[in-house]
Amino acid sequence: MFKILNHLLTYPTIPNFAKGSFEKLYVQSDKVMILLLILQWALSTFVTSIAYDTYFYGFFSGAIIVLPIIFLYPYLKGDKFFRYFIAMAMMLFSVVFIQQYLGRIEMHFHIFIVMAILTFYKDAVVLVIAAATTLLHHIVFNYLQLYEVSLFDMPVMVFNYGCGFDIVVLHAIFVIIELLVLAYFVKLQIEHFVDLNGAKDEVSSLNENLEHTSLHDNLTGLPNRRFLNQETSFIISNAQKNDKKFATVFLDLDHFKNINDTLGHDVGDALLQTIGIIIKNNVAKNDIVARIGGDEFILILSDFSNTYEIIPIIENLLQELKKEIFIKGYTLRVSASLGISIYPDDATEIKSLMKYADMAMYKTKAEGRDNYNFFTQTHNAKIHTEVEMVNDMQRAFYDNEFKLYYQAKVDVKTQKIIGAEALIRWDHHKKGLISPIHFIPLAENTGFILNIGKLVITESTQAIKRFNDLGFNDLTISINVSTRQFQNSNLYGDLQEAIQESKINPKQLAIEITESIMMRHIDSALIMLKKLKELGVSIYLDDFGTGYSSLSYLKKFPINTLKIDKSFVDDIQDDEKKNDSLLVNTILAMGKSLGIKVIAEGVENKTQFEFLKSRDCDTIQGYYFSKPIPEKEFIALLAKGV
Ligand code: C2E
Ligand code: CA
Ligand code: CA
């Protein structure tokens with residue numbers, strides 16, 4: 001029983017976050033109640049007076065109840081006492097109605113309806129006041145009647161039916177039960193209301209969170225690109241107002257991919273976080289440091305009047321970034337390449353500023369990294385033509401403008417063609433033949449080389465098939481593989497597929513790689529080369545002597561053939577004596593001792609050819625014998641049977 005009572009009588013306290021909406025509800029309810037009071041006033045004046053002619057009574061007593069409430073509204077609206085008054089006022093209309101001979105039953109309905117209406121406030125006290133009012137007036141009226149009190153010589157209960165004590169008690173029981181039921185109803189409503197408010201609150205805090213995450217990078221907590229876009233109009237208008245400049249700095253870590261690849265993403269992630277902190281610590285508090293992807297950051301350094309003012313900041317930042325960083329047991333050294341554009345000197349729109357800073361950063365990369373460059377317009381023009389070229393390259397690819405040329409490789413002893421190197425040419429519909437040295441570096445930078453690489457694989461294997469079909473079935477054709485292709489494409493799968501499709505002997509295919517490809521990721525390169533070897537293709541080390549591979553690596557890697565770089569062949573002179581100290585000698589001797597074949601490239605004259613022959617070089621390739629030529633001409637050359 002006590003438990004039930006306790007349950008009925010304990011009300012939730014309204015939490016702070018819901019208080020505002022409760023206050024709104026109180027004011028709203030005040031308004032509704034005033035309208036209802038006016039309605040009751042009209043009822044008491046007109047409707048209930050029709051039968052009994054009690055217009056004046058209804059009007060005046062209604063006025064006594066309603067007017068003070070209306071008068072107090074501007075001062076007390078929303079206040080708890082105001083709603084207590086209203087509760088009393090609503091109840092007192094029962095008194096007015098019963099005096100107009102409406103009878104007990106109707107009057108009781110009125111009490112019940114009014115109490116129900118008052119639950120609108122979601123305030124149990126209001127109900128208690130209402131109940132107390134009705135009980136009190138019964139007691140008072142009972143007294144007045146019992147003792148026949150009269151006012152101004154008139155009995156007070158002029159119109160009343162008369163009311164016995166038993167009726168008062170019965171009435172009290174009804175009202176108390178109603179009170180309990182309605183108060184419980186109010187309690188449930190409050191709880192529900194508080195819940196709803198809580199949910200609303202939660203949603204809005206979730207929204208705030210969402211807004212934060214959508215504007216920040218979740219690894220480093222730094223602002224992201226979207227944030228930059230939002231913030232920049234503000235930065236620009238600030239700079240404009242104060243007649244100041246600001247710098248957009250594009251910062252890209254050098255060789256970050258290596259760290260990710262070799263030490264794992266955990267280390268990479270931790271490194272990025274640390275880098276974020278280092279950058280933040282080395283710029284002014286108000287400057288913005290954003291991470292816009294992978295290892296790319298954008299800094300907005302503001303509030304300076306002369307561009308040279310930011311140079312010390314940039315140089316200091318480069319130094320700080322170069323210091324050793326300790327992460328998860330590793331000691332790491334990184335550096336960064338920076339590009340800078342200046343508002344308003346270079347551009348006044350953030351998009352252009354970012355683009356220019358990015359271009360300047362690329363220039364830094366191209367010049368050897370770990371440095372910075374300011375954007376200049378000339379460099380814009382260069383990039384422009386590069387952009388055009390990249391677009392043109394894409395078009396050319398679908399227009400089949402890329403073709404393979406073949407440069408014969410000749411056996412020194414027999415002077416027979418034993419194979420060829422496939423070299424790509426761009427047969428431009430307007431510009432004519434374009435040399436690979438003009439487009440391969442750009443293709444490599446933009447990743448377009450992957451398309452070219454794949455094309456070379458399918459084209460060369462099919463050409464081998466055609467050579468075979470013509471009876472030249474013991475040629476080995478070598479193709480050049482770029483760094484990016486070696487690292488980022490499915491080289492093994494592409495080769496395997498092409499070999500299967502063209503039904504050639506894999507021994508007829510060779511790939512040429514440079515020392516730098518081999519030395520960059522030694523372990524993964526070794527695994528890859530071993531797999532390719534198993535596939536049956538040969539591996540040539542191109543431009544040998546210009547890189548930095550050591551003897552021990554040559555032994556370790558499954559290399560079939562070394563290609564002596566043209567620059568060493570160029571050193572061969574007519575004067576036989578001077579040729580004694582040539583590096584070519586060393587390379588040839590080295591090849592012999594390791595059991596690796598040697599091809600000399602760029603052989604242009606008889607002297608060079610004779611010299612190489614005298615030193616037992618296996619194969620030569622060069623203009624002396626043939627330039628790179630189209631397939632048809634190459635077949636003609638084969639047919640000549642040289
Ligand atoms: P590379 O692999 O060192 O190719 C040899 C280059 O030397 C070729 O230039 C060839 O035409 C040239 N050459 C051969 N013999 C002589 C000679 O006796 N005298 C002179 N002066 N030059 C000679 P090319 O065809 O212009 O190719 C340049 C570079 O472009 C190649 O150097 C190679 O690194 C790259 N490349 C060519 N084709 C491809 C390809 O299909 N894929 C990739 N990734 N790179 C390619
Ligand atoms: Ca080559
Ligand atoms: Ca070469």
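A single member of Ile517, Ile511 is within 16 Å of ligand 2 (Cβ to nearest atom), crowded, with 19+ Cβ neighbours inside 10 Å and within 25 Å of Ile629 (Cα to Cα), and it is Ile511. Only one entry of Ala420, Ala347, Ala366, Ala357 meets the criterion of being under 25 Å from Val249 (Cα atoms), among the small types (Gly, Ala, Ser) and in contact (Cβ under 8 Å) with a residue 60 or more places away in the chain, and that entry is Ala357. Check whether at least one residue in the range 212-232 is of a type in the set (Asp, Glu) and open to solvent by less than 40 Å² (accessible area, probe 1.4 Å), and report yes or no. The answer is yes, given that some residue of the range 212-232 is of a type in the set (Asp, Glu) and open to solvent by less than 40 Å² (accessible area, probe 1.4 Å).
Within the range 486-497, the residues that satisfy the criterion of being open to solvent by 10 Å² or more (accessible area, probe 1.4 Å) and more than 16 Å from ligand 3 (Cβ to nearest atom) are Gln487, Asn488, Ser489, Asn490, Tyr492, Gly493, Asp494, Gln496, Glu497. On the stretch given as the range 30-59, residues that are without any contact (Cβ under 8 Å) to a residue 24 or more places away in the chain, open to solvent by 40 Å² or more (accessible area, probe 1.4 Å) and among the β-branched types (Val, Ile, Thr) total 2. Considering the range 345-436, the qualifying strands (runs of 3 or more DSSP E), each wholly inside and each with 2 or more residues that are away from ligand 2 (no atom under 16 Å from the Cβ) and under 30 Å from Asp474 (Cβ atoms), run over 402-411, 417-428. Between Gly276, Gly294, the distinction of being surrounded by 14 or more Cβ atoms within 10 Å (Cβ to Cβ) and in contact (Cβ under 8 Å) with a residue 12 or more places away in the chain belongs to Gly276 only. Taking every residue in the range 470-487 that is outside the structural domain of Ser538 (by TED's automatic domain parsing) and of a type outside the set (Lys, Arg) and pairing it with any residue that is more than 11 Å from ligand 1 (Cβ to nearest atom) and not in a helix (DSSP H, G or I), at least 6 positions away or on another chain, yields no pair with a Cβ-Cβ distance below 6 Å. Evaluate the range 85-101: report whether one residue or more is outside any helix (DSSP H, G or I) and in the same structural domain as Asp123 (by TED's automatic domain parsing). Yes: the range 85-101 contains one or more residues that are outside any helix (DSSP H, G or I) and in the same structural domain as Asp123 (by TED's automatic domain parsing). Condition first: under 30 Å from Glu315 (Cα atoms), of a type in the set (A, V, I, L, M), open to solvent by less than 40 Å² (accessible area, probe 1.4 Å) and more than 16 Å from ligand 3 (Cβ to nearest atom). Can you find one or more residues in the range 377-399 that meet it? For the range 377-399, residues under 30 Å from Glu315 (Cα atoms), of a type in the set (A, V, I, L, M), open to solvent by less than 40 Å² (accessible area, probe 1.4 Å) and more than 16 Å from ligand 3 (Cβ to nearest atom): present.
For the structure I just gave you, tell me whether Phe634 is away from ligand 3 (no atom under 15 Å from the Cβ) and touching a Ser or Thr at 6+ places or on another chain (Cβ under 9 Å). Yes, satisfied. Out of Leu196, Leu228, Leu272, I need the residue that is of a type outside the set (S, T, N, Q), in a helix (DSSP H, G or I) and over 22 Å from Leu301 (Cβ atoms). Which one? Every option except Leu196 fails the conditions.
Given the structure, is Ile313 open to solvent by less than 50 Å² (accessible area, probe 1.4 Å) and either among the small types (Gly, Ala, Ser) or out of contact with any Phe, Trp or Tyr (no Cβ under 6 Å at 6 or more places or on another chain) (or both)? So Ile313 does not fit the description; no. All of Asp217, Asp243, Asp201 fail the test of being under 28 Å from the mean Cα position of the chain (by Cα), closer than 27 Å to Tyr343 by Cα and charged (D, E, K, R), apart from Asp217. Counting residues in the range 526-542 that are in contact with a Gly (Cβ under 7 Å, 6 or more places away or on another chain), among the charged types (D, E, K, R) and in contact (Cβ under 8 Å) with a residue 24 or more places away in the chain gives zero.
When Val267, Val249 are checked against the criterion of being touching a strand residue (DSSP E or B) at 6+ places or on another chain (Cβ under 9 Å), outside any helix (DSSP H, G or I) and in the same structural domain as Ser302 (by TED's automatic domain parsing), a single residue qualifies: Val249. Taken as a whole, the structure leaves Gly62 outside the set of residues that are surrounded by 14 or more Cβ atoms within 10 Å (Cβ to Cβ), of a type in the set (Gly, Ala, Ser) and not in a helix (DSSP H, G or I).
Here Ile477 fulfils each of the conditions (1) of a type in the set (A, V, I, L, M); (2) under 37 Å from the mean Cα position of the chain (by Cα); (3) within 16 Å of ligand 3 (Cβ to nearest atom) apart from (2). Taking the criterion of being over 60 Å from the mean Cα position of the chain (by Cα) and open to solvent by 10 Å² or more (accessible area, probe 1.4 Å), the residues of the range 65-98 that qualify are Ile65, Leu67, Pro68, Met88, Leu92, Val95, Phe97, Ile98.
Taking (1) at pLDDT below 95; (2) under 22 Å from the mean Cα position of the chain (by Cα); (3) part of a helix (DSSP H, G or I) in turn, Ile279 satisfies each apart from (1). For beta carbons closer than 6 Å, sequence separation of 6+ or different chains, a first residue in the range 590-606 that is within 13 Å of ligand 1 (Cβ to nearest atom) and a second that is part of a loop (DSSP other than H, G, I, E, B), the qualifying pairs are Ala600/Cys617; Gly602/Gly622; Val603/Gly622; Val603/Tyr624; Glu604/Gly622; Glu604/Tyr623; Glu604/Tyr624; Asn605/Tyr624. The helices (runs of 4 or more DSSP H) located wholly in the range 529-642 that include 2 or more residues which are modelled with pLDDT under 95, surrounded by 13 or more Cβ atoms within 10 Å (Cβ to Cβ) and under 53 Å from the mean Cα position of the chain (by Cα) occupy 551-556, 566-570, 583-594.
Is it true that Ser593 is within 16 Å of ligand 2 (Cβ to nearest atom) and in the same structural domain as Arg466 (by TED's automatic domain parsing)? No: the conditions fail for Ser593. Within the range 611-630, can one find any residue that is under 26 Å from Ile522 (Cα atoms) and either of a type in the set (A, V, I, L, M) or away from ligand 3 (no atom under 15 Å from the Cβ) (or both)? No, because not a single residue in the range 611-630 is under 26 Å from Ile522 (Cα atoms) and either of a type in the set (A, V, I, L, M) or away from ligand 3 (no atom under 15 Å from the Cβ) (or both). Note on the range 452-483: residues that are over 21 Å from Pro630 (Cβ atoms) and either more than 9 Å from ligand 1 (Cβ to nearest atom) or surrounded by fewer than 17 Cβ atoms within 10 Å (Cβ to Cβ) (or both) amount to 2.
The values are calculated or read from the model by the stated rules, or taken from the named source; none is laboratory data. All of these numbers come straight from a predicted model, not from anything done at the bench. Methodologically, a virtual Cβ is constructed for each residue, glycine included, from the backbone with ideal geometry; neighbour enumeration extends over all protein chains shown. Keep in mind that these areas ignore ligands, DNA and RNA; they rest on the heavy atoms of the full protein, side chains included. Shrake-Rupley method; radii C 1.70, N 1.55, O 1.52, S 1.80 Å.
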